[in-house]
Amino acid sequence: MYQVLRPSHSTFETLRGVRLHLRHWGQPQAQQPPMLLLHGWMDVSASWQFVVDALRAPRLCIAPDWRGFGLSTAAQRDVDGTPPPYGLGDHYLFADYLGDLDALIERVNQRLGRAPDAPVDLVGHSMGGNVAMLYAGVRPQRVRRLVNLEGFGLPATDPANAPRHLARWLDELAALRRGDIVLKTYPGLQGVAQRLMKTNRRLPPERALWLAQHWARPADPAQPDGEWVILGDVAHKVRGSQPYRLDEVLAIWAAIEAPVLAVQASDDSLAQWFPRGEHSLAEYHRRLQVVRHCRIAHVDDAGHMLHHDQPQRVAELIEAHLA
């Protein structure tokens, strides 16, 4: 199994009624802001371990498990008439990630004896990169520098499709209530590792096995060799209720003041996800032109999980940009 070079420790913070799990590496450094690492969809904070280990200089890194992922609280659905303790309970709103990040930055600054609006460095992957980009435009004073790893955004939605979009959302909520939407289980820790390597052909077995223990857990703790379940709330598979309004996104990106490094892998993930051309790298690059201080970097021999495939190169890019 992969041998960790810089061990992390965990804390929990209750923010906006959600118990968030935070993974910490390093110690506060004078004149250096904390670096917040934001994972992607169906991922966990431990995903950053390889990059943290590859950093040349230790620094304070804090990675949350987003709500409903990892060890953070999942949205609770109504059972036998009992109302959920928070939230709507059966789906996730993207804006809630912004709200959680805003509250988290305030809490981190408070714990470190900094002003609530003291700027931090943000590094986000995929969904986490999208959250970071939006947050940097909404709260520009709170972000010193930003690294976006393949946070491409989504295809622009057509307002004419709004009725069908919301109808499909309602249908998926009904399917969730019926139990028709489920997460797969896997045979033991090795089965989880095999699943991770199937998704990412470059992931070495030792890294896959290490990640698997943080990405999933035994369905029955008394039977660790039995079926394992992903540490992610199944409600994440319900499509978002809100359309992707590109004009609003670009207005927010245009308000970003922090220098942005947009990092993409040599494999074209967008071409794989949108083979009919609904979204593309060319379109993503066009959108980035609204960001005042932005440059693009590439990582060779890597796919969408580039921080797993080439952690050394990703760490070099992060450190150079945040210097």
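Things worth noting here:
- Pairs where the first residue, in the range 130-152, is within 18 Å of Ala115 (Cα to Cα) and open to solvent by 30 Å² or more (accessible area, probe 1.4 Å) and the second is assigned to a strand (DSSP E or B) and modelled with pLDDT of 95 or more, C-beta under 7 Å, 6+ apart: Arg144/Val120; Arg144/Asp121; Arg145/Asp121
- Residue in the range 250-270 that is open to solvent by 30 Å² or more (accessible area, probe 1.4 Å), in a helix (DSSP H, G or I), of a type outside the set (Gly, Ala, Ser) and under 24 Å from Pro119 (Cβ atoms) present: yes
- Positions within the range 231-249 being open to solvent by less than 20 Å² (accessible area, probe 1.4 Å) and either without any contact (Cβ under 8 Å) to a residue 60 or more places away in the chain or assigned to a helix (DSSP H, G or I) (or both), in sequence order: Ala235, His236, Val249
- The residues of the range 14-27 that are of a type outside the set (S, T, N, Q) and more than 18 Å from the chain's Cα centre (by Cα), listed by number, are Arg16, Gly17, Gly26.
- Restricting attention to the range 63-93 and to residues that are in contact with a Pro (Cβ under 9 Å, 6 or more places away or on another chain) and open to solvent by 20 Å² or more (accessible area, probe 1.4 Å), the residue that is modelled with the highest pLDDT turns out to be Thr73.
- Residue pairs whose Cβ atoms lie under 6 Å apart, sitting 6 or more positions apart in sequence or on different chains, and linking a residue in the range 11-36 that is open to solvent by 40 Å² or more (accessible area, probe 1.4 Å) to a partner that is of a type in the set (Gly, Ala, Ser) and at pLDDT 95 or above, are Arg16/Gly99; Arg16/Ala103.
The values are calculated or read from the model by the stated rules, or taken from the named source; none is laboratory data. Source: prediction; values computed, not measured. Every residue, glycine as well, gets a Cβ built from its backbone with ideal geometry; the counts of neighbours run over all protein chains shown. Side chains included, ligands, DNA and RNA excluded: accessible areas come from the protein's heavy atoms. Shrake-Rupley method; radii C 1.70, N 1.55, O 1.52, S 1.80 Å.
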